[in-house]
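Reviewing the structure listed below.
Readers should treat all values here as calculations from the given coordinates under stated rules, not as data from a laboratory. Small disclaimer: the values here were computed from a predicted structure and weren't measured. For neighbour counting, all protein chains shown are included, and Cβ atoms are generated from backbone atoms with ideal geometry for every residue, glycine included.
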Amino acid sequence: MKLDRKSIKIRLVTAFILTSVIPILFVNIISYYNTSILVQQNVESMTEANLEQTRVSLDVWLDSYEDILFQVYTDDYIVELVDKINAGEDVANNRKLLRKTLRGLFYTKDYVKSITVITESGELVFYDQLTASTTSTSWMDSISMSEDELYKEISSDNKTHLFSTGDKVDFGSNPCYLFHIGHRIIDYRNVKKQCGVVMVSIDEQLLEEICSTATESGLNFIVDSKGKLVSCVDDTDIGRAIFIESANDEERMSAYRRIAEQTGLLGDGELSIYSVHDEKTGWEIIRATNQEELVRGLRQQQKLLAFIILLSLLTVLIIMVGQVTRMTSSIKKVIETMRKAGKGDLTVHVEPDQTRPTEIEIIAEEFNSTMDKLKLSIEKQKNAEIAALEAQINPHFLYNTLDTINWMAIDKDEYEISNMIATLASILRYGISDSNGVVKIKEEVEWLKQYIFLQQTKLKNSFECHINVEPEIMGLPIHKLLLQPFIENAILHGFEGVDRKHCLQIDMTKDMDRIHITIEDNGCGISEQMAEEINQGIFRKTDDKNHIGMENAITRIQMYYGENAKVLIEGKLNQGTTIQIWIPAVEDERVI
């Protein structure tokens, strides 16, 4: 026996090494080299994708700021004020009104630092966050163009003009850099008329956020078509020309690399430069990365991963040796218990053992479960024998007895009691005879009417019931006693504690290829949460009551019709409950 256990142990450990340790080591080595090559190949495509995403974001953000510009140069009120200023009409007051209007648009977007209007008559009207002056803007001196040159360029066409970031604008202890967008003011009553131009000045911090100028994986910056830095992590370089406008591609790349190296953020090593041109702005978005740092980090991760894999394999190997050692003893305990059961002792069970391998523990649990089921089956067999004896009472004895009582009631002129007894006998005969059988809807409806008649008599006509059935479905098949639990629940529980007139409505209609049944009462109702739980198959006991009747009814519908049926409960407290049931509408009852 010891030799067998030793043989199993050696074979399992050897199989583990051959199927796990060696393949994992081999795969890890191959994966290391493949990953390194893949990273080298994909760095460029990933960087280009990053740049493209940055370009799209830049265009989207600039479009949103152009909306402010659009609101100004198309606003009829602003056009009217500008016309009055151009005509010299109450210039001071109209300037004040125009400035107030610009102020109203100022805070609709972050990073807007100034909105400026230059009229055809040369008046300068603006709302500026950076200065309290009303005659001189904070940014005019930071760009290389004069006021007249700006007006001439912007008013020359109907396009939006973009002006790159200029020199630093000093305002107390918060200096900033601004770039600008401008458009001529348009009077749509006379589009050719020169009214003036409007400019929106935006903080360069917006571009830094869009571009994420400095990250662990690289450095982004923006250069315009003339070689001027529009946005960069080093503020001192913004607005500076890093190459002449006629520079070739090699000179431009050299300038880009020089800017990236000056920041000192990417460490030592060869830098890789990537760029994408934005057609909307004419700007170039540049990304500088240090691939050597990325590859070095990848190698370190690979070494760490290899060490973890080796350590894990060694740990698993040690654990497996221990598990294999315990496996044979665990198997022996299970077999000994099975032998006792084979000798007729049905009370035996395999004791739980947390140290036992999972597969053997599952076998032990299944054995214990089988023994429990065997004992239960024997008990059920005994109970079935007793029930069979009890069932030998002839159902006709019950019908004959009810018939005798009925005639006794007629003899005493108790016709109401006679009707109730006759109805009860009919209900019992219908229910006892093949209770799971299939009948036509017409038969089921007639039985329901008799059942409801008994309930109305019992409850002294405390509720009204209306049953509406479409004639075309009267001949379709339905399982017997399918709706009675829902109706009983409404009568016995739904109307409990409700002072208003009790009403029960039952409707049956054809809904395409299904029968739609609605049972609605105006009783005490149930909460929306409880209705949702019942729809999800959760049946809770509340207020010393449970929903076992409804649960069994829904389960029965699902058992008969499967996925072709649906039950939906809707209810509100103190307003009533609605039960909607959909079952297949088939002509042949054998399909059900």
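Answer with one residue from 180, 77, 194: the one whose Cα lies farthest towards the positive end of the charge dipole of region 74-207, charges on Cβ with Lys, Arg +1 and Asp, Glu -1.
Of the listed residues, the answer is 77.
Order by neighbour count: 465, 232, fewest other Cβ atoms within 10 Å first, most last.
By the 10 Å Cβ count, ascending: 465, 232.
Using the number of other C-beta atoms within 10 angstrom as an exposure proxy, rank 488, 204, 472 with the fewest first.
On the way: 488 17, 204 24, 472 10.
Ordered by Cβ neighbours within 10 Å, fewest first: 472, 488, 204.
Per-residue counts of other Cβ atoms within 10 Å, averaged by peptide: what ranking do you get for 563-570, 443-450, highest first?
443-450, 563-570
I need the Debye-formula profile for region 48-113: one equal scatterer per C-alpha, no solvent, reported as log10 I(q)/I(0) at q = 0.18 1/Å, two decimals.
Log10 of I(q)/I(0), two decimals: -0.73.
Beyond 20 Å, how much of the Cα-Cα pair distribution for region 125-197 remains, as a whole percent?
38
Could you line up 165, 35 from fewest to most neighbouring Cβ atoms inside 10 Å? Intermediate results must be reported in sequence, preceding the final value.
On the way: 165 26, 35 15.
Going from least to most buried by this count: 35, 165.
Work the Kirkwood hydrodynamic radius out for region 463-591: mean of 1/r over every pair of different alpha-carbon atoms, inverted, in Å.
15.3
Placing +1 at every Lys and Arg Cβ and -1 at every Asp and Glu Cβ, with all other atoms neutral, what dipole size does region 96-244 have around its Cα centre, in debye to the nearest 20? Please list the in-between numbers first.
Values: 16 positive and 22 negative charges, 173 e Å.
I would put it at about 840 debye.
For region 71-180, how big is Rg over Rh, using alpha carbon atoms and the Kirkwood form of Rh?
Using Cα coordinates only, the ratio equals 0.94.
Output the pairs from 100/193; 159/192; 442/480; 113/280; 152/193; 100/159 with a Cα-Cα distance over 18 Å in this structure; if there are none, say none.
In this structure, 100/193; 113/280; 100/159 exceed 18 Å between Cα atoms.
What size of dipole, in debye to the nearest 20, comes out for region 463-591 about its Cα centre when the only charges are +1 on Lys and Arg C-beta atoms and -1 on Asp and Glu C-beta atoms?
240
Hey, which lysines would be in cross-link range of residue 332, C-alpha to C-alpha under 24 Å, not counting anything within fewer than 8 residues on its own chain?
2, 6, 9, 340, 343, 373
Check which residues have an amide H placed less than 5 Å from residue 350's amide H, if you skip close sequence neighbours.
The list, which skips near neighbours in sequence, is 368.
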